[in-house]
């Protein structure tokens with residue numbers, strides 16, 4: 001594969017992962033403010049399945065479980081503030 005094309009695919013994969021992380025953080029903050037928000041919970045569950053599933057590895061070599069653990073910890077620390 002051409003280096004330019006490979007770089008474009010990597011940039012696209014990175015953008016998908018970054019967007020998913022931002023969406024997870026937004027849903028997590030919404031759920032902390034409104035624990036009854038089923039839509040926020042559903043979004044978080046859907047995104048965790050993405051991070052832990054085979055589709056995630058198409059976009060990155062990052063360990064999805066590690067990412068989910070870090071995001072959960074980030075939300076927990078935010079709750080303590």
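Taken together, the values in this text are just the output of simple stated rules run on the coordinates, not laboratory data. Since the model is a prediction, treat every value here as computed from it, not as a measurement. Positions of Cβ are generated from backbone atoms using ideal geometry, with glycine treated the same way; all protein chains shown enter the neighbour counts.
The slack between residue 76 and residue 33, meaning 0.36 nm per residue of separation minus the straight C-alpha distance, is 14.2 nm. Mean residue ellipticity at 222 nm, helices only, the chain: -27500 deg cm²/dmol; runs of at least 4 DSSP H residues each add -39,500 (n - 2.57), and the sum is divided by the number of residues. For the pair residue 10 and residue 41, label points projected 7 Å from Cα toward Cβ lie 4.1 nm apart. Placing a label point 7 Å from the Cα of residue 69 along the Cα-to-Cβ direction, the residues of region 37-54 whose backbone N falls under 17 Å of that point are 48-49, 51-53.
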